[in-house]
1. First measure r as the distance between the Cβ atoms of TYR1399 and LEU1113, then evaluate 1/(1 + (r/R0)^6) with R0 = 45 Å and state the FRET efficiency to the nearest 0.05.
2. Full extension from ARG1122 to ALA1308: what is 0.36 nm times the residue separation minus their Cα-Cα distance, to one decimal in nm?
3. Tally Lys and Arg at +1 and Asp and Glu at -1 over the other residues with C-beta under 10 Å from the C-beta of ILE563: what net charge comes out?
4. Pop the C-beta distance of GLU444 and ALA421 into the FRET formula with R0 = 35 Å and round what comes out to the nearest 0.05.
5. Using the per-residue mean of other Cβ atoms lying within 10 Å as a proxy for protection, in what order, highest first, do the peptides 1283-1290, 11-18, 1493-1500 fall?
6. Could you check the spin-label model distance between GLN1158 and ILE1026? Points 7 Å from the Cα along Cα→Cβ, value in nm.
7. In Å², what does the accessible area per residue of the stretch 294-336 work out to with a 1.4 Å probe?
8. When we measure straight from the Cα of LYS890, which aspartates and glutamates land under 15 angstrom away, once same-chain ones fewer than 8 places off are left out?
Amino acid sequence: MNISSTICWCNAYASDSITNVGPDVLCLRESNLLKFTQISTMAVSYFRAETVATGLHISAFAGHNRFPLFGFAESIMRPNIYIYKYPELTRFSTLPPSALTFTMIRFSELDLLIGIGGYPRYAISVFNFRTSTKILEHSTFIVTPDFSISLSNSNLPTIVQYDKKEMRILCYEMCYIEKDAYLHQVSEVEMGKHYVKSLKHFMCFGDDNGLYVVNDFGEFSQIDIACFAIKQRWSPTYISELGEDMHTRAHALISHRMGFLISNSSMAFYIKKKAGHFTVEWTIDQSLTHISRFISNQNGELYASGGLGCIHRVTIEENEGVLKELVVGGKPILAFRTLACFKEECVVVLYNDGIAMIDLPSGRTLSEVPIVMSCAICSHRTNPYVIVGTVDGCLVLIHFDKPSLPNIVNELQCETAAVFAMDFHDNCVVFQDQAKGLHIVNVEYRPPKMTHYFTIDDNLLVKQVFVQSFLLVEGPRLLVMISRDKTLKKPGHADEMWIYKWTKDRRLHRRELTLPNSYVAFFVQPPMGRWVQIEIVAVVKNSTIFDQLMLNDNSELLWAASIRSTHFGHIIGIGMTKHLLTWGVDGIMVHFRQHKRAKKPFMMSRFVSLFFRPHFLLRARECYNSKYLLVLSANNVMWVSRLPSLADNVRENTELEVPERFIVQQTAMVSRVFVPLTVKLEVKEEYAHADLFKREKLLQLIQDFSAKVTALIDYDISVTGKTKGIFKKFCYHYKWLDALTEEAHKLCELERESLMRAIEDQSRIRDWIMQVVTRDAVSIIYKVRSIFADANFESFALARKSSVGLFDKYRFYDLEDHIRLSVMSMEEPEDEPGHPERYSHAESEKKAVHELKPYVVEGPSVYEHIMAPQFQLQSKNTVTSNQIFNDNCKYRFYLVDPMKQEFNKHFHEAQQLKKETIDNVLNTNNVLLKIYDNMNCMLRLLNMESFKLPELTVPELAKDEVIKCILEVDDSEIKAINRRRRKTIDTGGKRGRLLLWSVEFWARALIVMMDGVIEKLWEEEIKKDIPVPEFTLKKQPHEYTLEDQKIYRAYEEAVNLLQEDRRKYLRILNENEAKTLQLKTKQILKLNQRVAELMLLKLKYDFAHKQCRIRMLNLMTINHSREQLREKIDRYRTDINKLNEYIKRYSNLLDFWERALQEVRTRLEAQQTRDRALERQFRGNFLNSVPHAAHEMTKLFKKRPKLSNKLFSSSLICIEVAQKLSPKQPNRVGFPMPKEIADFLSYIADNDAPKNSPASVDAKSWEIFVKLRRQKIESELRLKGISHQLLDSQNYLNSLTKDIAGLKDTKAHTQKEMEDTIQQYLEAMRNMPLQLTLTLGQVEVMVMGSTKSLSNSVLMHVDDINEVNRMIKDAGNKKIKAMQRVAIFRRQVIFKEWEHKLYKANIAYLKYMLDAIEKCKVTIEFLNILRNWDKVKAERQKYMSAGAIERILEQKIAVFRKQIDRINIKIDMVKQKTLEIKRQNHSIDSKIERLKVDVAFQNSLRDVMMEERRDREQRERMEQIKTHRSLLDNVRKHYAHVLELQTILELLRLRTYPTLGPPLPQCHPPVPEHILNSVP
């Protein structure tokens, strides 16, 4: 069923898909399309697999490097593999399905094809595509991408597979045993991580059948398959120059002309082997970032594949390679539009740098218009106008006079963001920018001009909804499809439709309609006549349903119809030209607007393209009266294909029920005025007479109020004489002022709350920043520093949240210690005051018996527990890795962390002490400052010289002492936005009144009124001078009266007393200063002393922690070294086992190849014998028959075509040519051969022609000679082919012998390394390092064991220890030998017992078989014979009597004679009838003669021309009848084939989409009865 079409062209191809199809053809692939380019003629041809006959989609593709063949695997489950010939593009062979899927296929150099299956087995299948048979299948269970298989160039290729997960190479060889074949893994090589970036093309086989690789540094190496080794052969010079600064990057490797090409993104090297070393012959020194792959063919040509289908040829110019473009690549297509106004079949496509008009039949570019940064396109529906939008917000109007002649007629620069989408209708354009804004542009055509009319200013549309799409329709009206969920992403869906319409009075109306369903795509049908009603087709979300909506002139939306299509999956897009086109991930379907089998539109449909692999399409259109199908995919690739006839394979859609006359209800209507951008508005203030009258009246009221206020103020001043406080007085009783005051209080409260919230916001932000900074911190360390000294100490760093993941693994180790501790605490005896002796005795016993556990802290201090003498030595019980990890984990969890917490308690106490000390010192400084102020005051009052205030030391917290100081965030760094602040509060204009009305105003006023003093103090009173009597200022001393003198004496006494008080207070201040300084010093010394103590304590805690940590690290180091040695020994053992296995496999393979070599030698001897027999036959038999031409015939018998020896370079070619010379041609498809082979065969055929025969030799002898010579040539070719096989077998046998020798050498070396490692491990186990810790003159020896084990310990020399160990080892060897002898004896006893049991079992089995035979059953016939034995015996005796057989024979003969007599009678009757018929024939002959006479007479009288015309008309009529009959027969036959194909399609559909139900019965067309009757 050809549901699609022949391909026309495609704009771009996958750059890494280039491959050879023969020696002179390159092939590129894009999805299901293959493009072939003949290099010599540059001829291009296409192939597309889309039917059952050609193959259902391409999943894996490969081309043959030597012959013009290519193959591909289908995309279905259990696919076939088709082999096609080029250039005929006809099928050569079909390989049967053998796997669920194929991920890759590869051709060998001759007639083998290797396919790699998919999940889960990833089996390697080997086929012979000449005979269409599968040779073998081998499951690997290794994920095999496209790049991870390589094949050698030999007749039986070596298959190399790369395992990306394990980073290793697996090598397989094909082995044959009788009629069975299998893959034999001969090697496995570890590659390492330096090949990760170069995975795709890092390995290949050279012309010497050696495997070569290149790593990420460009180092070229050879894989020694037998020795499992990578041997470096060459490296580029920049590796030695850069050294360790060299960065890894991807490299590629291919074989070319007996050398190799190594390439990366910047350059390429061609290296070749000369004198045993690889050297560089030429390089490519240009950027290769755009090159995806290099490829070499059999002609020695090198090509490079660029982006989007571009092909370059590599040419050599003066030892430098140059890339020359051979095939121009395409460009990514962003969008396309069709223009219906031209007769030419063309399409406008949009690139990122302009547009182009392309011819549809050929794909040729007719014209181009360069536009910088183009990103959107739209076209007029009837006229040849195209508008292109750019990234910088520019619109370009282009007019096409004809397809090859475009003109830019106008450009409009819009001050907007990049153009995102556009729609064009008549003289109006709507475009959406990247900021989601919609803009209206008017278009004029005479002359062409575009004007930015206005921008739709709708914040709800831009910021609060999701715009799915928009359509511009008649009116003009803009239909915007939106969803209220603004979090949606493209493509999204729409739940509502907003209809925008703008009128001439500059008003924009928006009608909001809620759609009946959620839709994912919309399309407006092309107009049919006058566009009164607008038909909209919308696709329902996540369904196969599309709805038809009608929009009339009144903007009423009517739900007209709902149709369920026959898509297999959800519809994701829609489009329409002549018919409706829908597409999803399953394919593209056309729905006919008119069809003879349906009364309503879009009820009949048909698939035009099926996707066997899901594709996401951006746009699809059928154009030019359903002649072409244009498809644009999401990766900017456009396919253009020619559509077939759409009359067949039609399906019927289902119409769903829709409410009658369903009108979508309007939910909202919004109208607003818009200002066109093209009109400049000048705003002028124009007032009416009424406005001016109101203004004058208001000004008059203000003047009257001002006069009243002025009069009141003047009266108040004249009465009271005060000029302050007058406003409150005269405004006190106004109600409006009370109301204003109340509102001011409310505003003040709001302002206060707002400021407090802002402060809280700042604090919250500071806390959030601190939390963010400290959240991910593993630990934070504080410090406490002494005041005015250098002493300081740190706290221990503790994690904010302790991780117990590792601890949970070892939580229940040593659980009995904790249980024992809890039991002991419960069983402690209570204090008994009456029995103190018994209690003391029990206490002493408890101390003697009780033993401390390592991780159970029983005392108050963790430090004392850690430093206990019992735990100063390593434990001898800690041996295994689990025990070490357990000790390490519990040491940290039970001891280290609690010890740190214990010290941190002291640290926090010291931290608090320092804060208190700083506060005290600051208070002391304040006291001192006050004392110094008072002292200066007293000195001034005493008329003494004052002193300068000394600088007091002020202690501060350092930045590393408090985290708030480390992470200090100032308020100026935080711009807190007060969102609660009302805009109506004017804090600047009302600040004075707000301060008067604030709550603190009265408290401040009270303090000012009392002069800041509530209580009179003595020290304050003495600072005041005694007022001088007034008379002293007015009188001289001699003018004083008596009363004045008394007053003056009292004044002098008071002054003297005041001076004494001031001197006394000055002494008190001096004493207070000394005491305060002493107190300050004492507080600082107290803190510094505590800091010094904690410094020493921190050193002790650090020493305890590090001492235990060193002990633990020593244990871990010792255990790690032992574990490494054990792992090394295990690796050596694994390698030895692997080597043994490989040696065994290689030995089996060697035996197999020796047998194969012997078989080939036998075949060679047999062929030589047949060849000598042919020679003897020619010389002995044939030459004797033609002795006169013996010399000439001998020369002709030895004559051969003169050809190159390289022509028959393989056994396959020799055997194929010999097969073609054989008289018995096989019934199979001929294998494609080179042109020289065809010339060879034609030359032999020419020599066999009779014209080359000597004149004296007859034709029969020449035929015998030709037959003998052909047999001789065939025998020689077979001898040559078998010789090639013998040579290949011998070479491979020698290679195997070398490989086995290398494996044995590697095994011996590995065994020696393992023995050395075992010796190192034994020494590591015997020799334990000792740790000595010297503290305060004491020597502590740290060994494995407890303190008691050191009481009688001595130090020994290592030689003495080795001697003791040697003696122990000898004794151990003797014990082992004795145990071996005992074990051998026990094995012999067990073997004899086993033999005894075996004999008993055999006896029991024989008894069982005897019993079974005795009870054997017989058939019913044989049982009847046994029962009637007498009767049978009597019948036998009857036949055994004399003459019995003769009588029976005579009876039979008599019966046969009677039958013969009856048959003879019948024969006589037939003869009589024959004579009668002959007589009748004679009479008929006479009548015929008379009739002939009459006919001759009539012929003489007839009109010949009229008869010829009648005969011609009859013949034409008969031909029409025959043609009609043949067409009917073809229809009947094809209809049966179509039914079969439909069945296959349904089966494929069920395989491809197993979750979907079967199609509806009405989807299949009815079958006529006459066709049903005609089909057998």
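The values are calculated or read from the model by the stated rules, or taken from the named source; none is laboratory data. For clarity, every value in this text was computed on a predicted model and none was experimentally measured. Cβ sites come from the backbone with ideal geometry, for glycine too, and all protein chains shown count toward neighbours. Heavy atoms of the whole protein, side chains included, go into the accessibility calculation; ligands, DNA and RNA do not. Shrake-Rupley method; radii C 1.70, N 1.55, O 1.52, S 1.80 Å.
1. For TYR1399 and LEU1113, the calculated efficiency is 0.10.
2. Stretched fully, the ARG1122-ALA1308 segment lengthens by 64.5 nm.
3. So the environment of ILE563 carries a net charge of 0.
4. So, using R0 = 35 Å, E works out to roughly 0.95.
5. So the order, starting with the most tightly packed, is 11-18, 1283-1290, 1493-1500.
6. 14.8
7. Computed with neighbouring chains in place, this is 42 Å² per residue.
8. Output for LYS890: ASP808, ASP814, GLU816, ASP817.
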